[in-house]
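What follows is a set of notes on a single structure, which appears directly below.
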Amino acid sequence: MFAPDWYESAHEKLKQRYTLYMFYGALGAVVMTGLGAAFSPPYIPTPYQLRERTAVSVELPDEIVIPAPPADVARPEIARAFEESDEADATVTIAPTDFNPFAPPEIPQAPPAPEEFVAYDSPPKLIHAEQPDYPELAMQGEAEGKVDVVVTIDENGRVIDVYIASSTANEVLQRAALEAARKFLFRPARQRDVPVKCRIMIPFNFGLN
């Protein structure tokens, strides 16, 4: 079978365009290589470091003390089963008890009241007043209020007991007031020129300007 003169095979087309294909292929390879070289990060060589292994010597004592073995623990007794009997006496099987289900419930006792004020002729005089710390947490929350603290002053003018009589502040400010009240110092109260214990109230006002 013979092909006409105007017929051109695929092999002939490839031979005619071979040079053009090689040119565009080489041009594309050069462009891609140039773009890779332009935008790739610089190469920073890292020198090789030899890994060294070091030996650590451990000094052992001359005499090794071996602890004594633990003492034998007695095994718990195994509970023994008892045979049930209808002839058992209630006074033998039931332990005695003082519980009375009909007795009225016990009323809890109130906590002991603080000691009464001691009479004195001359009141205590303040020597040192401690400024309470305003806690940072209370300042951030804009907490304010008043705390009335009752302090007991001994014969040496020192505060030996504190408690809160009334308060409009939160618990954080109350703790700050109690800590400050414990650091107050007084000249003791006197009764007929004899130092005596007494109790006074110290108000603490917490406010933000």
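The values are calculated or read from the model by the stated rules, or taken from the named source; none is laboratory data. Please read these numbers as outputs of a predicted model, since none were measured by experiment. For neighbour counting, all protein chains shown are included, and Cβ atoms are generated from backbone atoms with ideal geometry for every residue, glycine included.
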- Would you mind telling me which numbered condition in (1) touching a strand residue (DSSP E or B) at 6+ places or on another chain (Cβ under 7 Å); (2) closer than 28 Å to residue 140 by Cβ residue 183 fails? (1)
- Item | Enumeration of residues in the stretch 181-209 that are surrounded by fewer than 18 Cβ atoms within 10 Å (Cβ to Cβ), within 38 Å of the chain's Cα centre (by Cα) and part of a loop (DSSP other than H, G, I, E, B) | 182, 183, 207, 208, 209
- Item | Failed item in (1) outside any strand (DSSP E or B); (2) hydroxyl-bearing (Ser, Thr, Tyr); (3) closer than 23 Å to residue 196 by Cα, with residue 152 passing the rest | (1)
- Query: In the stretch 127-151, how many residues are more than 14 Å from residue 187 (Cα to Cα), in contact (Cβ under 8 Å) with a residue 12 or more places away in the chain, among the small types (Gly, Ala, Ser) and loosely packed, with under 15 Cβ neighbours inside 10 Å?
  - Reply: 0
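Okay, residues lined up against (1) at pLDDT below 90; (2) within 35 Å of the chain's Cα centre (by Cα):
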{"site": "101", "(1), (2)": "yes, no"}
{"site": "104", "(1), (2)": "yes, no"}
{"site": "125", "(1), (2)": "no, no"}
{"site": "137", "(1), (2)": "yes, yes"}
{"site": "140", "(1), (2)": "yes, yes"}
{"site": "151", "(1), (2)": "no, yes"}
{"site": "174", "(1), (2)": "no, yes"}
{"site": "179", "(1), (2)": "no, yes"}
- If the Cβ limit is 6 Å and pairs must be 6+ apart or interchain, which residue in the stretch 182-209 that is within 13 Å of residue 120 (Cα to Cα) pairs with which residue that is surrounded by 15 or more Cβ atoms within 10 Å (Cβ to Cβ) and of a type in the set (D, E, K, R)? 197/154
- Considering each residue of the stretch 152-163, count those that are surrounded by 15 or more Cβ atoms within 10 Å (Cβ to Cβ) and touching an Asp or Glu at 6+ places or on another chain (Cβ under 7 Å), and give that number. 1
